[in-house]
Amino acid sequence: MQKTALITGVTGQDGSYLAELLLEKGYRVYGMVRRSSLERFDRIEHLVDRLRLIQGDLTDQSSLNEAIRATRPDEVYNLAAQSFVPTSWNQPALTGEVTGLGVTRILEAVRLHKPDARFYQASSSEMFGMTRESPQDEDTPFYPRSPYGVSKVYGHMITVNYRESYGLFACSGILFNHESPRRGLEFVTRKITHGTARIKLGLAKELRLGNLLARRDWGFAGDYVEAMWIMLQQDRPDDYVIATGESRSVQDVVDLTFALAGLDPNGHVLVDPELLRPAEVERLIGDAAKARRVLGWEPRTSFEALIEMMWKSDLELVGSPARRPVSAAAEYGGDEG
């Protein structure tokens, strides 16, 4: 029998890759989108004729109830969020409303209208924040350092609470940073690859960045959405760290991208104090041993291959004026980790 999946945040990076994966597996896929005056379907343009789009909003309980009633999903993937960390400092209440309380609302909709559905919550490595230990695994204490991270902790723990209190098949994937050519331009990896392409083609002279020493565990979004799906195919629900186990600095991304472009970053890359966070997360690196052991999941794309993929895509994009860049921060797109 054909399975049905509902994806919130389907227009985001992760949502688009997950929709592709589920369609390939023969699912009937519903994507929930917010009603807005400006609809941006750039990432799913090639899928629109195979997807079934419905309206809903994580801030509106009735719309979520109706979405679950109308679609009767076997699996629900909650990828929607206000997912840009700097924006969470400027809009902390909105971030909490969407990224935190929004999880409660959709869990309630599932509990009331389709309690046998399997539920996936997009948790984030930003929950670890000021890390107490390295690398971070499922038992590492949370110490979030931004309103986004705090909201993600709430969403994560309410998912655990609904699993333990109501017996829902609810999983959380604690995904470390994951990138792709579909990443929003406001995220640092994409800002670097896109900005370098503009410099290479003579459209810009400099690239302004914040903390070049911040280190992250960066993987490919296409690999990570597969882990989401595998979690919901298990006999019992649980939470898993999804990561590569390798830590790279923002400076490493700069050096590799400029090397691919045949450019020297000196003189082009400037540190802008305005881009520094009020409270920085200096180093994140994940331990995905549990995911390897239980799910049989492994990342397939290396850091070098990922950055090269993004650089080539942005070089083509910048060189083709007819193609419009994608920005994810303006609406509750998929959670970008």
**Prompt:** Just going by the charge dipole of the chain, with Lys and Arg at +1 and Asp and Glu at -1 on Cβ, which of 161, 113, 83 is farthest out on the positive end?
**Reply:** 113
**Prompt:** In debye to the nearest 20, how big a dipole does segment 1-132 give about its Cα centre with +1 on each Lys and Arg Cβ and -1 on each Asp and Glu Cβ?
**Reply:** 300 debye
**Request:** Assuming a ≥ b ≥ c are the square roots of the Cα gyration tensor eigenvalues, decide whether segment 78-229 counts as rounded (a/c under 1.5), prolate (otherwise, with a/b larger than b/c) or oblate.
**Result:** prolate
**Message:** Test of understanding: what is the full-extension gain from residue 251 to residue 52, defined as 0.36 nm times their sequence separation minus their Cα-Cα distance?
**Reply:** 67.5 nm
**Request:** Give the relative contact order (percent, whole number) for the chain; include only Cα pairs under 8 Å separated by 6+ residues.
**Result:** 22 percent
**Message:** Could you tell me the calculated FRET efficiency between residue 236 and residue 201, based on Cβ-Cβ distance and R0 = 45 angstrom, to the nearest 0.05?
**Reply:** 0.30
**Message:** Quick check for you: with a 1.4 Å probe and neighbouring chains kept, what is the accessible area per residue of the chain, in Å²?
**Reply:** 41 Å²
**Message:** Classify segment 260-302 from the C-alpha gyration tensor, please: rounded if a/c falls under 1.5, else prolate or oblate depending on whether a/b exceeds b/c.
**Reply:** oblate
**Request:** Please turn the phi angles of segment 241-249 into ³J(HN,Hα) values with the Karplus equation 6.51 cos²θ - 1.76 cosθ + 1.60 (θ = phi - 60°), one per residue in order, whole Hz, x for glycine and proline.
**Result:** 7, 10, 7, 8, x, 10, 10, 10, 8
**Message:** If the only charges are +1 at each Lys and Arg Cβ and -1 at each Asp and Glu Cβ, what is the size of the charge dipole of segment 90-170 around the Cα centre, to the nearest 20 debye?
**Reply:** 240 debye
**Cβ-placed point charges (K, R +1; D, E -1), dipole of the chain about Cα centre in debye, nearest 20** = 640 debye
**Request:** Would you count, across the chain, every pair of lysines whose alpha carbons are under 16 angstrom apart, provided the pair is eight or more residues apart or spans two chains?
**Result:** 6
**Message:** Can you tell me what percent of all Cα-Cα pairs in segment 116-156 are more than 13 Å apart?
**Reply:** 49 percent
**Request:** Work out, step by step, the length gained on full extension between residue 259 and residue 69: first 0.36 nm times the residue separation, then minus their alpha carbon distance; give nm to one decimal.
**Result:** 63.2 nm
**Request:** Would you please give the residues with an amide H less than 5 Å from that of residue 143, counting only those at least 5 places away or on a separate chain, with H modeled from the backbone geometry?
**Result:** 128, 129, 130
**Prompt:** Sorted by mean Cβ packing within 10 Å, highest first, what order do the peptides 145-157, 8-20, 262-274 take?
**Reply:** 8-20, 145-157, 262-274
**Prompt:** In percent, how large is the relative contact order of segment 200-292, given Cα pairs closer than 8 Å and 6 or more residues apart?
**Reply:** 49 percent
**Asked** What percent of all Cα-Cα pairs in segment 1-141 falls in each 5 Å bin, counting up from 0?
**Response** 2, 9, 19, 20, 19, 15, 9, 5, 1, 0
**Fill in**
Quick calc: nm separation of the 7 Å Cα→Cβ label points for residue 90 and residue 164 -> 3.8 nm
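The values are calculated or read from the model by the stated rules, or taken from the named source; none is laboratory data. Everything quoted here is computed from the prediction, not taken from an experiment. Ideal geometry is used to build each Cβ from the backbone, glycine not excepted, and the neighbour counts take in all protein chains shown. These accessible areas exclude ligands, DNA and RNA; they are computed on the full protein's heavy atoms, side chains included. Shrake-Rupley method; radii C 1.70, N 1.55, O 1.52, S 1.80 Å.
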